[in-house]
Structures are given as structure tokens and as C-alpha cells.
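Readers should treat all values here as calculations from the given coordinates under stated rules, not as data from a laboratory. Computed from a prediction, not measured in an experiment: that's the story for all the values here. Counting neighbours? That spans all protein chains shown, and the Cβs are built from the backbone with ideal geometry, glycine included.
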Amino acid sequence: MRPATRVLKAGLAAPEAGEPFLAGPTFAAPFHTPGDPADSPYSYGRLGNPTWVRLEAAIGSLEGGEACVFSSGMAAVSATLGCLIRPHMSVVLPSDGYYAVRQLARAMEEKMHVQLRTATSQNDLFGLIEGAGILWLETPTNPQLEVYDITVLAAEAHRCGALVIVDNTTATCLGQQPLELGADVSLASGTKGLTGHSDILLGYVASRDPELISRMRTWRSQNGAILGPMEAWLAHRSLATLYLRVQQQCRGALQIAEFLSEQPKVRFVRYPGLKSDPAFPVASRQMRYFGPIVSFVLPSREKADAFLKACKLWRRQASVEFIPARSAGPDGAAIRSRTGLSA
Ligand SMILES: *Cc1c(COP(=O)(O)O)cnc(C)c1O
């Protein structure tokens with residue numbers, strides 16, 4: 001089945017006369033449990049809910065594994081680190097990944113005596129893997145759009161006995177399949193491209209190891225990081241348009257990136273789908289689509305401010321922000337833009 005068809009069908013039950021295509025959300029705290037509660041498929045809303053189960057079947061089929069959904073991307077990240085990190089373990093991760101993930105890892109470094117090893121290039125990350133327990137990749141990174149070769153780094157990590165986790169938020173499970181490329185875990189925030197309407201928060205963890213997913217479910221029940229049934233249902237409903245949204249976002253992002261790279265005052269345009277981008281060769285090997293994010297640098301913060309003020313279509317929000325750009329020098333300011341519904 002083609003990916004575009006798979007997103008339309010993902011997680012839907014076999015057709016039955018008189019039943020809806022996608023059943024509505026089940027709102028319930030306790031469920032009826034005659035006899036032994038363990039004999040009922042659902043007993044209490046923190047432990048399980050049929051609306052999650054359908055969404056998990058959908059996401060699992062798109063990631064190529066089994067999925068466990070959480071209340072946000074960070075809840076999925078916390079569950080993964082919480083289940084897999086051991087005291088005194090070394091964790092390798094890119095230094096340009098999602099800010100909140102790096103902050104959480106830093107907090108664990110102190111509390112759990114974990115050693116973080118960070119780098120910003122493929123070769124440097126490769127060199128840090130020996131002796132580490134976890135290789136945490138985010139590719140493409142949000143927002144700097146560095147792309148790491150999952151196949152090459154996962155092979156090295158497995159040779160060294162490390163687990164490989166990939167944050168698949170930016171590419172989405174339609175655009176990239178980390179489990180197929182050798183990752184042990186693919187996780188993502190579904191708040192972004194996956195659901196795409198800027199109105200729900202959601203996260204998930206996917207893996208081919210049922211024991212690992214079972215630990216994630218236990219973590220979710222114990223920590224209460226559960227997704228509301230309404231959010232789960234809305235997310236599932238959004239999947240039907242994922243293919244169309246991703247295609248259009250990528251088309252728009254490439255056009256914007258191409259336009260920006262021809263502007264003399266704009267520096268360091270990054271988009272993995274630009275043929276001139278250093279990430280292009282690896283991105284075209286491992287990604288089905290190049291993603292919705294473009295980043296670029298203007299000569300100063302003032303220029304970037306003026307640019308945003310003059311923009312008629314882009315809005316400043318959590319996902320349009322000033323960051324000290326590593327490639328921009330002391331005065332540079334980078335802008336990243338998520339193209340599509342909000343642009
Ligand atoms: C947004 C994001 C997260 C965190 O997800 P939330 O749903 O906001 O908790 C994690 N990783 C990446 C790459 C993200 O963009």
C-alpha cells in the first residue's frame with residue numbers, strides 16, 4: 001500500500017454494517033468490570049482507553065512498529081529517558097536539538113550522574129558513541145535543520161551496545177521511518193506536523209520491541225501522562241489529511257528556501273531539500289519528504305525584527321523565534337518558519 005493510502009486507512013477497523021468509519025471518542029474514567037477487573041479490556045481511564053488504542057494502531061502502522069501515545073511530545077521524551085537511562089550512563093546527543101529535550105537531559109545529568117556527550121556534526125557524534133548507553137538523535141534538528149545519517153550512526157551504536165532513539169517530529173512518520181533505518185525507538189511530538197492544526201498537544205513512542213512498549217505503558221499509567229480521548233480522536237481524524245498537508249508544506253518550503261537563497265541580504269538558508277544544502281545527500285537517502293521547516297539568518301536582530309514586522313503572512317509565535325544562530329556570528333539572528341497552515 002502506498003504511504004498516502006496508508007495514512008487514510010491507518011488504525012481504522014474492518015468495515016461493519018452500521019458502524020462508523022472512525023468511532024467517536026470514548027469518554028470514561030471507570031469502565032464496567034464485572035468479576036475480575038483484569039478480565040475486562042478496559043477498567044480505568046488512566047490505564048487504557050479504546051480511542052488511544054485506535055490511534056496507537058494508526059501511528060504504529062505508519063512508524064512500522066508498536067506505538068504508545070502520551071499527553072505531549074515532552075511526556076513521550078520523559079517516558080523514554082525515564083525508562084531507559086540508568087545512573088552513570090553516557091548519552092550521546094546533538095547539541096542543536098530541541099531545547100526542552102536538552103534541558104531535560106541536563107537535569108538528568110545532575111540528578112542521575114549521567115554523562116552527556118554532545119556534538120553538532122555527524123563525524124563528531126560518531127566518535128562519541130563508543131562506551132555510551134544511548135544514542136539520541138533528532139533529525140532533522142529543530143530548528144537548525146542538521147540532518148544525521150540514521151543508518152550509519154545506528155550501526156555504530158549497535159556495534160557498541162547502545163540503544164538508538166530518534167526524535168521524528170520534524171519529518172513525521174509519513175516522511176521518515178527511523179525504525180526501518182535501524183533505530184530502536186522512534187518518538188515524536190504530534191503537536192506539530194502530525195496533527196497540524198495547532199490546537200492539540202500529543203506525543204508518542206514507537207518501537208518494534210513489545211517489552212519496551214509495555215514498559216512505556218506502565219510508565220504512562222504510573223505517571224499519569226495520558227492523552228485525553230478527545231485529543232486522541234482529533235489526532236486520528238487529522239491523519240486523513242497528513243499526506244496532503246505534508247506535500248503542500250514541502251512544496252511551499254522548497255519555494256521559500258529557493259527564493260531566500262537568491263537574496264543577497266539573507267545568509268545561511270537551511271532546508272534539507274535544497275540541492276545546495278549540506279544535508280541534501282543524506283536527507284534524500286533517508287527522508288521521503290524534506291519537511292516543513294526552513295531556517296535562515298539575517299544580518300542582525302534589528303533586521304530580523306523589521307523583516308517580521310513587514311511580513312503579511314508569517315506570524316510570530318512559539319515556532320517563529322529568535323535564536324542565537326551558531327553560524328551567524330555574534331550579531332546574527334535566525335528565523336525559522338513552519339510553512340503551511342500557519343504561514
Ligand atoms: C515540539 C517538539 C518536542 C516537544 O513536544 P511537545 O508536544 O511540545 O511537548 C520534542 N521534540 C521536537 C523536535 C519538537 O519539535
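In whole percents, the pair-distance distribution calculated for the chain from its alpha-carbon pairs, binned every 10 Å from zero, is 5, 25, 32, 24, 11, 2, 0, 0. Does the range 193-295 come out rounded, prolate or oblate by the C-alpha gyration tensor, with a ≥ b ≥ c the root eigenvalues, rounded set by a/c under 1.5 and, if not, prolate when a/b is larger than b/c and oblate if not? The shape class here is prolate. Mean separation of Cα pairs under 8 Å and 6 or more residues apart, divided by the residue count, gives the range 144-218 a relative contact order of 24 percent. At q = 0.11, 0.13, 0.15, 0.23 Å⁻¹ the log10 of I(q)/I(0) for the range 55-149 amounts to -0.35, -0.49, -0.65, -1.25, computed by Debye summation with a single uniform scatterer per C-alpha, solvent ignored.
The range 64-102 and the range 273-289 have Cα centres lying 25 Å from one another. A straight line joining the Cα centroids of the range 107-142 and the range 181-257 runs 23 Å. Estimated from helices alone, the mean residue ellipticity of the chain at 222 nm is -11500 deg cm²/dmol (sum of -39500 (n - 2.57) over DSSP H runs with n ≥ 4, per residue). With bins 5 Å wide beginning at 0, the percent of Cα pairs of the range 1-124 falling in each bin runs 2, 8, 13, 14, 14, 14, 12, 10, 8, 4, 2, 0. Each of H32, H197, H236 has some number of other Cβ atoms within 10 Å of its Cβ, and from fewest to most they run H32, H197, H236.
Straight-line cross-link partners of K275 among the aspartates and glutamates, defined as a Cα under 14 Å from its Cα and at least 8 positions apart when in the same chain: E258, E262. Legend: P(r) of the range 233-282 from all alpha carbon pair distances, 10 Å bins from 0, whole percents, reading 24, 37, 24, 14, 1. Of the residues E146, E19, the one with the fewest other Cβ atoms within 10 Å heads the list, and the complete ranking is E19, E146. The aspartates and glutamates within cross-link reach of K303, meaning a Cα-to-Cα straight distance under 15 Å and a gap of 8 or more places when in the same chain, are E321, D331. Taking every C-alpha pair closer than 8 Å and separated by at least 6 residues, the mean separation divided by the residue count of the chain gives a relative contact order of 17 percent.
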